[in-house]
1. For region 58-141, what does the alpha-carbon gyration tensor say about shape, rounded, prolate or oblate, given a ≥ b ≥ c as the root eigenvalues, a/c under 1.5 as rounded, and a/b over b/c as prolate?
2. Could you derive backbone 3J(HN,Hα) for region 136-141 from the dihedral phi with the Karplus parameters 6.51, -1.76 and 1.60 (θ = phi - 60°), listing whole Hz in sequence and x where the residue is Gly or Pro?
3. Between Trp46 and Gln129, what FRET efficiency comes out of the Förster formula 1/(1 + (r/R0)^6) with R0 = 22 Å and r the beta carbon distance, rounded to 0.05?
4. Sorting check: for 79-86, 47-54, 116-123, which peptide has the highest mean count of neighbouring beta carbons within 10 Å, and how do the rest follow?
Amino acid sequence: PMIKWKKTTKATTTTTTTNPSLQQQSALNMIDPIQTSLMLAETDPWVQPLSQVLDPFLNLLSFAMLCRVVISWYPTTNLNEPPFNLVAWPTEPLLRAIRGSIPPAFGVDITPIVWLGVFTFLHEILLGQQGLLTMKIKYGI
């Protein structure tokens, strides 16, 4: 492969291209697979599967809580009828757990908003662009 060096000054930019010797090419080819395998070896085996399970789980719970927020705008909705029961039955135990400690705001139950914030926060901290599990997978830290 061609190696390019770019030298930049305030007035001009110069690009120099050289062909590395055969020895340098073989050395570069030997280093890349070694670094790749070391990077993959440093990551614990539990991180990738946990990340693959948590990502859709937290997204699904966030979506379910968002649906509960929208359903709460219509107080006459029967939560035991389909399709509302698909959202209500899995989320109701979580909502019931904190309803006693978080009072309604202006007569509106805000516990789905609280849970939506919790799930979004957890997703970002664990799986976001600079999340803990993402950093562990990328850099092995």
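1. Because a/c hits 1.5 or more and a/b exceeds b/c, region 58-141 counts as prolate.
2. Once rounded to whole Hz, the list reads 5, 5, 6, 10, x, 8.
3. Calculated value: 0.55.
4. Result, highest mean first: 116-123, 47-54, 79-86.
Coordinate-derived values only; no laboratory data. All values reported here derive from a predicted model rather than from experimental measurement. We place every Cβ from the backbone using ideal geometry, glycine too, and count neighbours over all the protein chains shown.
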